[in-house]
Amino acid sequence: MRPVTLLLLSIALTLSAPSFGAPGDVSATLSELMNRLQLQHAKLWFAGKLNNWALASYEVQQIDTNLEATGKLLADPSRARRAKEKLQAVREALQSKNLPAFTTSYAGLTNECNDCHRTSGFAAITIQTPLTLPVPNQLFVDQVAEGRALAHATCGTCHIVADATSDMPTVRPSAPAFPEIVNRPSFSADGLRQFLTSSHRRLGPDQAMSNPRLSEYQIEAIVAYLDTLKPAPPR
């Protein structure tokens, strides 16, 4: 038999041989899930404490999905089910936008995680309510809600901020309504940022606008809010 044929046969036998993973293969998968859950647990806390109910609900869904996967790897799947029951209490608190109930249910979820660790032989791993932000590049406040409140407080004197009959400016004649502005072909988020960072005293002949002197963070919040007023793209 030729050397090349022997080499190809050897490769074929190797690829077809059963794979015997190391004993830690399942644990490595479980460890990865635990790392995901720990990060999501921390994100959930800050989102809930800052009343960002949409983000908190998203993190709850992520935790639920990973707990489901975790239950398939545990020797006692009931541990994951008990954690999901505690998570349901968190979900209900978020749905009612009840901050005290969220704080209480979050503590219950955290305690259940630690109880599972202790009964599973991992008592050294203790989860706590996070003290610092888990990631530096994510906002946990509801930027759109903050932008809406800021727009009403800062811009509502002159502009109609949203389509609402009760939302009428006190200045006459009123400035263009926000829904009208975002529907202009020339409107863009970058253009709005540039405009708000300028003095924008003069918009045209006989048109003047006071400078609200917004910080960068406030500008981004207003931009985020106006983005939500744009019509949905056609499907």
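Residue-wise test of (1) assigned to a helix (DSSP H, G or I); (2) at pLDDT 90 or above; (3) within 21 Å of GLU146 (Cα to Cα).
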site	(1), (2), (3)
SER166	no, no, yes
PRO169	no, no, yes
ARG172	no, no, no
ALA175	no, no, no
PRO185	no, no, no
SER199	no, no, no
GLN218	yes, yes, yes
ALA224	yes, yes, yes
ASP227	yes, no, yes
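On inspection, SER120 qualifies as touching a Leu at 6+ places or on another chain (Cβ under 9 Å) and more than 15 Å from HIS41 (Cα to Cα).
Can you spot a residue in region 85-96 that is modelled with pLDDT of 95 or more, under 18 Å from the mean Cα position of the chain (by Cα) and among the small types (Gly, Ala, Ser)? Yes, there is a match, as at least one residue in region 85-96 is modelled with pLDDT of 95 or more, under 18 Å from the mean Cα position of the chain (by Cα) and among the small types (Gly, Ala, Ser). Only a single item in (1) over 21 Å from LEU94 (Cα atoms); (2) modelled with pLDDT of 85 or more is not met by THR129, and it is number (1). Taken over region 70-96, the criterion of being among the small types (Gly, Ala, Ser) and loosely packed, with under 13 Cβ neighbours inside 10 Å is satisfied by ALA75, SER78, SER96.
Matching residues to (1) more than 23 Å from SER120 (Cβ to Cβ); (2) over 21 Å from the mean Cα position of the chain (by Cα); (3) in contact (Cβ under 8 Å) with a residue 24 or more places away in the chain:
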| site | (1), (2), (3) |
| --- | --- |
| THR29 | no, yes, yes |
| ASN51 | yes, no, yes |
| ALA54 | yes, no, yes |
| GLU68 | no, no, no |
| LYS72 | no, yes, no |
| ARG79 | no, yes, yes |
| ARG82 | no, yes, yes |
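Being in contact (Cβ under 8 Å) with a residue 40 or more places away in the chain and either within 20 Å of PHE122 (Cα to Cα) or touching an Asp or Glu at 6+ places or on another chain (Cβ under 7 Å) (or both): is that true of LEU87 here? Criteria not met by LEU87.
Counting residues in region 49-72 that are in contact with a Cys (Cβ under 9 Å, 6 or more places away or on another chain) and either at pLDDT 95 or above or within 30 Å of ALA149 (Cβ to Cβ) (or both) gives zero.
Of note, LYS97 does not satisfy the criterion of being in the same structural domain as LEU39 (by TED's automatic domain parsing) and out of contact with any helix residue (DSSP H, G or I) (no Cβ under 7 Å at 6 or more places or on another chain).
Among the residues that make up region 104-113, is at least one of them in a helix (DSSP H, G or I), closer than 30 Å to ARG148 by Cα and without any contact (Cβ under 8 Å) to a residue 24 or more places away in the chain? Taking every residue of region 104-113 in turn, at least one turns out to be in a helix (DSSP H, G or I), closer than 30 Å to ARG148 by Cα and without any contact (Cβ under 8 Å) to a residue 24 or more places away in the chain. Does THR126 satisfy the criteria of being in contact with a Pro (Cβ under 7 Å, 6 or more places away or on another chain), surrounded by fewer than 18 Cβ atoms within 10 Å (Cβ to Cβ) and not in a helix (DSSP H, G or I)? The answer is no for THR126. Out of all the residues in region 141-153, is one or more surrounded by 12 or more Cβ atoms within 10 Å (Cβ to Cβ) and either at pLDDT 95 or above or touching a Pro at 6+ places or on another chain (Cβ under 7 Å) (or both)? For region 141-153, residues surrounded by 12 or more Cβ atoms within 10 Å (Cβ to Cβ) and either at pLDDT 95 or above or touching a Pro at 6+ places or on another chain (Cβ under 7 Å) (or both): absent.
The values are calculated or read from the model by the stated rules, or taken from the named source; none is laboratory data. Remember, predicted model here, so these are calculated numbers, not experimental data. Neighbour counts run over all protein chains shown; Cβ positions are idealised from the backbone, glycine included.
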